[in-house]
Each structure stands twice: as C-alpha cells, then as structure tokens.
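Have a look at the structure below before the remarks.
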C-alpha cells in the first residue's frame, strides 16, 4: 500500500525538524542585570520623609535608624506623625506642661498597633525618630521628647544631615 502525497510530505518534513530547545543566553542576561540591580539597591540606606519646609541640622553621626522606626516631623508650622498632621506648632507651644495632648493621642494609637520591646528592667520601649527643623525652639523640642517618653517611645533618635568631620 502506498502512502498519500500528504503523508509522504509530512514524513519528509519531520525528518529535518530539530527538537525544540530553550535559548538560555537571553535568560542569563536578564538574570545578571537583575542581580546587579539588586546588589546596587540593597545598600542599607534609611529613607526619611521629604519636606521642603524642613531643614535638618548637620552632624557627624554614623549610626543609622531602622526603616521601621516611627517618625515625628516638627517644623515651624506643624507636628506630623508618619505623614499625618497632628497639631500646629503654635498651639503645641501654648500647651501648659510638658505633654502635647494631640501628639500623645496619636502616639498612643500608633503604640497600640505594635508590640513594644521590654528592656532588662521590664519597661516597655519603642523606637521613634524626630525630624526637627533646626529653627524650632528647644522648649518645643523638649515637649515633643517628653510626650514621646510618656507614650513608651523611649528610644529617641534625631534625623540629621551627615557631614564630614570638622565641617559644620
């Protein structure tokens, strides 16, 4: 029995067809670029919120804060906790005593969302970073720090612009 022309044509075609292969060159190039991108961008850099109204003081400090630290930004106009405006600076300065009620309320809300670390004496501690404009008064900064301490945020750090040793 003879095969039809179509069957013969298909048989000839399958004799010359190469098996399918994966082209790994392109895949390796893409993975190499991805590895270099991740290596370059994995530096331990802490990003602080951008603000045109805030001018940080200069310092030669070396230690960096962690990315999960709660931030309080204090400038000449307002006090902002993690991007949420809490109160005006003028009304915070008028408060009698060391505790700013609006800031304490917001910090208590934030504290309820995270579990504190307990130090050796059994006192709960949380980390907080204050971004204070270099033009704010010390009395306002002291009130902000006292409010943070009263709200179990006792590990207080300040955001500064890093400069070389000897230049101010």
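Below are the figures for this structure:
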| item | result |
| --- | --- |
| Sorted by Cβ density within 10 Å, fewest first, the residues 4, 139 | 4, 139 |
| Pairwise centroid distance, computed over Cα atoms, of region 93-111 with region 114-145, Å | 12 |
| Net length gained if the chain between residue 149 and residue 13 were fully extended (0.36 nm per residue, minus Cα distance) | 40.8 nm |
| Equivalent ellipsoid semi-axes, region 58-162, via Cα gyration tensor eigenvalues times 5, rooted, Å | 21, 18, 12 |
| DSSP-defined beta bridges in region 58-162 - what % are antiparallel, rounded to 5 | 45 |
| Stretchable slack from residue 32 to residue 164, in nm (0.36 nm times residue separation minus alpha-carbon distance) | 44.0 nm |
| Ranked 140, 107, 24, criterion: other C-beta atoms within 10 Å, fewest first | 24, 140, 107 |
| 32, 87 arranged by Cβ crowding within 10 Å, fewest neighbours leading | 32, 87 |
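A short reminder: the numbers here are calculations on the coordinates, not readings from a lab. Note that the coordinates shown come from a computational prediction; the quantities given were computed from them, not determined experimentally. FYI the Cβ positions are ideal-geometry reconstructions off the backbone, even for glycines, and counts take in every protein chain you see.
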